[in-house]
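Enquirer: Below you'll find the structure I mean.
The values are calculated or read from the model by the stated rules, or taken from the named source; none is laboratory data. Fair warning: this is a prediction, and the values are worked out from it, not measured in the lab. Every residue, glycine among them, receives a Cβ derived from its backbone with ideal geometry; neighbour counts consider all protein chains shown.
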Amino acid sequence: MDRRAFLRTMRILESRYPMKDWTTGMTAFEILVSTVLSQSTTATNERRGLEGLRSRVRKITPERLADTPEEEIARAIWHAGLARQKAPRIRAIAREILDHWDGEVERILMLPTERARAELMALRGVGPKTADVVLAMAGGHPTFPIDTHIARIARRWNLSRRRDYESVRAALERWTRPDKRKAWHLAIIAHGRTLCKARNPRCSECPVRKDCDWYRQSQRRRGRATTMPNKRLSGKSE
Ligand code: SF4
């Protein structure tokens, strides 16, 4: 997919999936905790984990979580999976935000994007994807976070030769205006959940299939398969 096709595709997806901002009403710290919970699980289970944590501590703040034993955090978030790994991460993050940032993630988000990204990634359990989600969704920074849906769709659209996180992010940021990155990030995720699923993407219903490399290749393969002579049958008739 070239740049023009990408822009055409994104205009269609943007109007098909109006922005639903899952962070509405959340503090920056809650967005950070929620993003850690979302690692290696579905959005539904992440939400259940977050709700479990909220009912356990009532208010998700660095103070409350730093004071809550790891085992209790693990029990509260078990719906989100990997609770034994995520609980110590969440508690360590809470402690770090309290000790180094006066209990305010916002102080990190006020820094220039690259510096803020480095500070977020210095927190336990925070990798590039988690940092970019927090930057974009909590801080309004012009990053393009790459989740599993976006990585898959970028491969199907051939946006980057390399598949590592930074190459895919660079490809999407190169072609997306900074003020569009959050909306397009959410639109591609919505497309991945709705039609462009990992297994059996629903290409026949897809409004952007005309520009999709994966679809065009699959059509070509299908075309070759139907025009190829059946060697076994033709051998018999000779
Ligand atoms: S045509 Fe199929 S593979 Fe391509 S974007 Fe649409 S659903 Fe995904």
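Enquirer: What are the residue pairs meeting all of these: first residue in segment 200-211, first residue in contact (Cβ under 8 Å) with a residue 60 or more places away in the chain, second residue more than 8 Å from the ligand (Cβ to nearest atom) and among the hydrophobic types (A, V, I, L, M, F, W, C), Cβ atoms under 7 Å, and 6 or more apart or on different chains?
Expert: From segment 200-211, the pairs are Pro207/Ile12; Val208/Ile12; Val208/Leu13; Asp211/Met1; Asp211/Ala5.
Enquirer: Considering every residue within segment 34-43, establish whether at least one is more than 16 Å from the ligand (Cβ to nearest atom), at pLDDT below 95 and part of a helix (DSSP H, G or I).
Expert: Yes, segment 34-43 has at least one match.
Enquirer: Further, regarding this structure: Determine which member of the set Lys210, Lys197 is assigned to a loop (DSSP other than H, G, I, E, B), within 11 Å of the ligand (Cβ to nearest atom) and loosely packed, with under 15 Cβ neighbours inside 10 Å.
Expert: Lys197
Enquirer: Ok, one more. Mind telling me which of the residues Ser160, Ser204 ends up being within 16 Å of the ligand (Cβ to nearest atom), assigned to a loop (DSSP other than H, G, I, E, B) and under 19 Å from Arg8 (Cα atoms)?
Expert: Ser160
Enquirer: Turning to a different aspect of this structure: Looking at (1) in contact (Cβ under 8 Å) with a residue 40 or more places away in the chain; (2) away from the ligand (no atom under 13 Å from the Cβ); (3) β-branched (Val, Ile, Thr), find the lone condition where Val168 falls short.
Expert: If we test Val168 against (1) in contact (Cβ under 8 Å) with a residue 40 or more places away in the chain; (2) away from the ligand (no atom under 13 Å from the Cβ); (3) β-branched (Val, Ile, Thr), just (1) comes out false.
Enquirer: Quick check on my filter: what residues within segment 6-33 are crowded, with 18+ Cβ neighbours inside 10 Å and in contact with a His (Cβ under 9 Å, 6 or more places away or on another chain)?
Expert: Leu13, Tyr17
Enquirer: Residues that are more than 16 Å from the ligand (Cβ to nearest atom) and β-branched (Val, Ile, Thr): does segment 9-22 have at least one?
Expert: No, the conditions are met nowhere in segment 9-22.
Enquirer: Here's something else I'd like to know. When you go through Arg232, Arg216, Arg220 one by one, which is the residue that is within 12 Å of the ligand (Cβ to nearest atom), modelled with pLDDT under 95 and surrounded by fewer than 18 Cβ atoms within 10 Å (Cβ to Cβ)?
Expert: The match here is Arg216.
Enquirer: Take the conditions at pLDDT below 95 and not aromatic (Phe, Trp, Tyr) and apply them to Gly125. Does it pass?
Expert: yes
Enquirer: Does His141 count as of a type outside the set (A, V, I, L, M, F, W, C), within 16 Å of the ligand (Cβ to nearest atom), buried (at least 17 other Cβ atoms within 10 Å of the Cβ) and under 16 Å from the mean Cα position of the chain (by Cα)?
Expert: No; evaluated as a whole, the condition is false for this residue.
Enquirer: Of the residues Arg152, Arg181, which is within 13 Å of the ligand (Cβ to nearest atom), surrounded by 17 or more Cβ atoms within 10 Å (Cβ to Cβ) and in contact (Cβ under 8 Å) with a residue 12 or more places away in the chain?
Expert: After ruling out the rest, the residue left standing is Arg152.
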